[in-house]
Amino acid sequence: MSQLAIEPSHVATLHYALADERGRTLDDSRVRQRPLEYLHGHGNLFPALESALTARRAGERLRVTLAPGDTYGERDEALVSISARSAFPQDRVLQAGQRFQAQGPDGPRTVTVVAADDTRVTVDANHPLAGETLTYDIEILEVREATRAELAKGHPLPAGTSHTEVEDRKR
């Protein structure tokens, strides 16, 4: 029997390590002891990463480097703003690095506090990895055909989940 290649409507399971352009590891599925499982061709990964995985097979290893435009975009300094401290709850301690939800013109978005003092708060609405070149070191563990339920949901489902169970949950 031939080994399946990663193609649309296949589920791929892989380990990955994600590093920034300085070589600093940002995430590692092996450390978390939890491989990534995704449904190929359903928008679950960055398109450029998904393209690099197409036609690969279990056992293969690859390194994929993605430019900011292929991931979280370039940094946009217009997304950094300064507000009066009075615009925030007075009982909330604000420190650089904190993240919270704020209402933006296109709906809710996560912002990061850059600086805060008694009178002003500077927040950054860029994704924390915007402007970064990212490198994925990947090992493909398994490739299988997606179930009908997974295709209907657009992502992998826990092992043993049947199409009937998914339909029952909708009712």
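Secondary-structure-derived ellipticity at 222 nm for the chain, considering helices only, amounts to -3000 deg cm²/dmol, per-run term -39500 (n - 2.57) for DSSP H runs with n ≥ 4. With the cut-off at 1.5 for a/c, could you classify the stretch 77-124 from its C-alpha gyration tensor as rounded, prolate or oblate? Taking the square roots of the gyration eigenvalues as a ≥ b ≥ c, the stretch 77-124 is prolate.
Annotation: the residues Val93, Val113, Val123, Val31, sorted from fewest to most other C-beta atoms within 10 Å of their own C-beta, follow the order Val93, Val31, Val113, Val123.
Quote the charge dipole size of the stretch 77-124 about the Cα centre in Debye, to the nearest 20; the model charges only the Cβ of Lys and Arg (+1) and of Asp and Glu (-1).
The dipole magnitude comes to about 100 debye.
When the stretch 23-99 is described by a simple charge dipole with +1 on each Lys and Arg Cβ and -1 on each Asp and Glu Cβ, the residue from Leu49, Ser81, Leu26 located farthest towards its positive end is Leu26.
Dipole magnitude of the chain about its Cα centre, charges +1 at Lys/Arg Cβ and -1 at Asp/Glu Cβ only, in debye to the nearest 20?
Values: 21 positive and 26 negative charges, 78 e Å.
Dipole about the Cα centre, nearest 20: 380 debye.
What FRET efficiency, computed as 1/(1 + (r/R0)^6) with R0 = 25 Å and r the Cβ-Cβ distance, is obtained for Thr161 and Asn44, rounded to the nearest 0.05? Efficiency at R0 = 25 Å is approximately 0.90.
I need the peptides 7-13, 104-110, 81-87 ranked by packing, meaning the mean over residues of other C-beta atoms within 10 angstrom, with the highest value on top.
In decreasing order of mean packing, 7-13, 104-110, 81-87 become 7-13, 81-87, 104-110.
Would you calculate the convex hull of the Cα atoms in the stretch 50-171 and tell me its volume per residue in Å³?
Working: hull volume 23.7 nm³, N = 122.
Spread over its residues, the Cα hull of the stretch 50-171 gives 194 Å³ apiece.
Values in this text are rule-based calculations from the coordinates and carry no lab data. The model shown is predicted, which means the values in this text are computed figures rather than measured ones. In this analysis, Cβ positions are derived from the backbone assuming ideal geometry, glycine residues included, and neighbour counts consider all displayed protein chains.
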